[in-house]
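S.K.: Got a structure for you, written out below as structure tokens; questions coming shortly.
The values are calculated or read from the model by the stated rules, or taken from the named source; none is laboratory data. Keep in mind it's a predicted model, so treat the numbers as computed, not measured. Cβ coordinates were reconstructed from backbone atoms using ideal geometry, including for glycine residues, and neighbour counts include every protein chain displayed. These area figures cover heavy atoms from the full protein model, side chains too; ligands, DNA and RNA do not enter into them. Shrake-Rupley method; radii C 1.70, N 1.55, O 1.52, S 1.80 Å.
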Amino acid sequence: MQRPHLFQLLMVAGAAFGVVQAQAQAPLASAAVESRTTPKDSVELVRAAQSDQASFERLRRSRLPETWGRGSSQCDERIGRFCLTHGTGRDDWVAPPEHEEIIQTRNRLIAGLGMVADLMPGDGWVAGQRVRYLVEARRFDESLVAARACRGERWWCAALEGFAHHYAAQAESADSAFSSALAAMEESERERWSDLSMVLDERTIRTYRRMEPEERAPFEDRFWRLSDPLLTRPGNELRSEHLARHVWDRFQLEARTTDAISWGYDLREILVRYGWPTGWERTREWRMAAQAGPPPLVSHYSSAPQYLLPPSEALLEGNGTDGLWDVEAPKARTGYNVPLADSIAQWFSPLDHQVAIFRRGTEAVIVAGYALPADSVPEDAAVTAGLATLPTTDSLAEPDVMVDRESSRSGSLMTLVEARPVLMSLEIVVPEQRRLARARYGLDLAPVPPGLLSLSDILLLNDAEMLPDSLPDALATVRGSTEVVPGEQVGLYWEIYGLDVAEAPSVAMSLRLLQAQTGWLRRLAERAGLLREVAPIRLRWEEPTVEGPYMPRSLDVQIPDVSPGTYSLELTLETPGREPLSVTREIEVVER
């Protein structure tokens, strides 16, 4: 399956370009030393700064790496003048180190912009370009100082501060600064920045466009609330990235682009959907064809391997727990990255894990185990593991968060929450390696009525010899995934609720291992008795009922010698006078 991890943008419309030359010295170097400026001086300073910016982008273009191709011969999507093709996620393009002349010239440009900004702190264009190129040079502390020195329109200066915080991986501060910027904007500008039309999937956007203005704001708040990529960390990196893209859009007003074409609605849409390019390449074929002007550029865009935005079902249906999260979406409409430790985080995809739910009256216990790939994370790596639940029916409720900052490559977490519909997010961060992983989906944790006979989930355990008598004891040996190998001894833990000793002094239980994804013809034949169902594990036993609000049970089983594939452990409970109850746990049998 293709991943929308790499996107290549090829300019379709041609344009005439001038000769690429770099200025030996910035024209504003002499002008900026004046201690006092007149209105005429101010105009000349800004023009000189704009000339420097254009000169730098011309130089950048002339020093870009070259490629033989002009992109794919077919477009996955056309946006205005441009052809968009989606990569596979397996041959990701990595930008080579920048040419030393680009670095030096950018530093001269930053110095010149700083001198003009000192003289004209109220000029929004100069302040913006200064912050932009400081961030591009990864001088994050200086970019924040420059943003705070801005004396232009209040909303724009706040947006610049949010931009600087975002790329410095300071999510909470970025969130706060962008909120201040939105609050200070004129209504028309705020609506433009808040509009989600470009990023929503086809199903959701149809509903969104039909909403009345008073309906949109709550929907947008819900969208970003569910979109927060890391509920266990303060701030919302995806919302800040989305708003930072609008800052990039403002940067391009009266500024030269790297590809030297006019900024328009098509480039703005590509920017809002996929972010700022991670790099560019010049095409050699254009030059070899002896066509006029410099060759067009191939622009590269990077996105996370998962589609991180909420599924339409979670936004539009029921209690917000429906839909599949973190799916691999080829040709995704949009893509987002998450800044981490002054860089872009890399994702483990998918995260090996298991989650089990246990009832406690009006509350529920969520147990989650996880395992990171041994070939990607050193055994002694510092790992932060977190488990968050966000109520989906209460727009004001904060997420309930449990974090273990001294976890390891594999581990488990347990949290007690109110039994109501929630979005569950198991999140793993490996800071030194800038790696992230998460497992996210909705859980409808409706409370179980007293006296109702029910079963918990089945929790898989590593230790099949020391079987636990309680859930806290089971936590120490929770498996990090649902993968097992033939011949392995596996422990199981579960709970029974609603048993009455007087009505049922004993209970009968059975366990079967069933092959999942069996064809419908075979299932039909098995039900009709034409074929015998193959169950490599068949256990049945009876035991006395235990008094109490729930009855904890555990068992060890040996995985039989079966072919690799997906199977289900089916546990069935039988009591006198009641219909049998069953619960299943899907497992993956892999080769040793």
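S.K.: Counting only residues that are open to solvent by less than 30 Å² (accessible area, probe 1.4 Å) and either polar (S, T, N, Q) or assigned to a strand (DSSP E or B) (or both), how many does the range 313-348 have?
M.R.: Matching residues across the range 313-348 total 6.
S.K.: Could you count how many residues in the range 562-584 are open to solvent by less than 30 Å² (accessible area, probe 1.4 Å), at pLDDT 95 or above and not aliphatic (A, V, I, L, M)?
M.R.: The qualifying residues number 1.
S.K.: Just to verify a result, which residue in the range 30-63, among those that are modelled with pLDDT of 70 or more and among the hydroxyl-bearing types (Ser, Thr, Tyr), is nearest to the chain's Cα centre (by Cα)?
M.R.: Selected residue: SER62.
S.K.: Another question, then. When you check GLY361 against the structure, is it open to solvent by 30 Å² or more (accessible area, probe 1.4 Å), out of contact with any Lys or Arg (no Cβ under 9 Å at 6 or more places or on another chain), more than 18 Å from LEU308 (Cα to Cα) and among the small types (Gly, Ala, Ser), yes or no?
M.R.: Against the criterion (open to solvent by 30 Å² or more (accessible area, probe 1.4 Å), out of contact with any Lys or Arg (no Cβ under 9 Å at 6 or more places or on another chain), more than 18 Å from LEU308 (Cα to Cα) and among the small types (Gly, Ala, Ser)), GLY361 qualifies.
S.K.: Read through the list (1) open to solvent by less than 10 Å² (accessible area, probe 1.4 Å); (2) among the hydroxyl-bearing types (Ser, Thr, Tyr); (3) modelled with pLDDT under 85, then give the number of the only condition that THR389 fails.
M.R.: (3)
S.K.: When both residues are 6+ apart or on different chains and their Cβ atoms are under 7 Å apart, which pairs have a first residue that lies in the range 241-259 and is within 17 Å of THR278 (Cα to Cα), and a second that is open to solvent by less than 10 Å² (accessible area, probe 1.4 Å) and of a type in the set (Asp, Glu)?
M.R.: Pairs that qualify, where the first residue is within 17 Å of THR278 (Cα to Cα) and the partner is open to solvent by less than 10 Å² (accessible area, probe 1.4 Å) and of a type in the set (Asp, Glu), are THR257/GLU57; THR258/GLU57.
S.K.: Over 18 Å from the mean Cα position of the chain (by Cα), modelled with pLDDT of 90 or more and open to solvent by less than 40 Å² (accessible area, probe 1.4 Å): which single residue out of SER407, SER425 fits that description?
M.R.: None of the other options fit; the residue is SER407.
S.K.: Hey, another quick one. Taking helices (runs of 4 or more DSSP H) that fall entirely within the range 199-275, which contain at least 3 residues that are among the acidic types (Asp, Glu)?
M.R.: Output list reads 213-227, 237-251.
S.K.: Let me ask something else. Restricting attention to the range 120-167, and to residues there that are open to solvent by less than 40 Å² (accessible area, probe 1.4 Å) and of a type in the set (Ser, Thr, Tyr), which single residue is nearest to PHE56 (Cα to Cα)?
M.R.: Only one residue fits best here, namely TYR133.
S.K.: While we're looking at this one, here's another question. Condition (residue is assigned to a loop (DSSP other than H, G, I, E, B), among the hydroxyl-bearing types (Ser, Thr, Tyr) and closer than 28 Å to PRO576 by Cβ) applied to the range 448-457: is it met by at least one residue?
M.R.: Yes, because at least one residue in the range 448-457 is assigned to a loop (DSSP other than H, G, I, E, B), among the hydroxyl-bearing types (Ser, Thr, Tyr) and closer than 28 Å to PRO576 by Cβ.
S.K.: Confirm whether TYR370 is open to solvent by less than 20 Å² (accessible area, probe 1.4 Å) and assigned to a strand (DSSP E or B).
M.R.: yes
S.K.: On to the next question. Please work out which residue is surrounded by the most Cβ atoms within 10 Å (Cβ to Cβ), limiting yourself to the range 168-198 and to residues that are of a type in the set (S, T, N, Q) and in a loop (DSSP other than H, G, I, E, B).
M.R.: The extreme case among them is GLN170.
S.K.: Could you tell me whether the range 231-239 includes any residue that is over 19 Å from the mean Cα position of the chain (by Cα) and open to solvent by less than 30 Å² (accessible area, probe 1.4 Å)?
M.R.: no
So that you can scan it fast, the table gives a plain yes or no per residue for (1) surrounded by fewer than 18 Cβ atoms within 10 Å (Cβ to Cβ); (2) modelled with pLDDT of 95 or more:
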position	(1), (2)
ASP463	yes, no
ASP473	yes, no
GLY491	no, yes
ALA504	no, no
LEU514	yes, no
THR518	yes, no
ARG532	yes, no
PRO549	yes, no
PRO560	yes, no
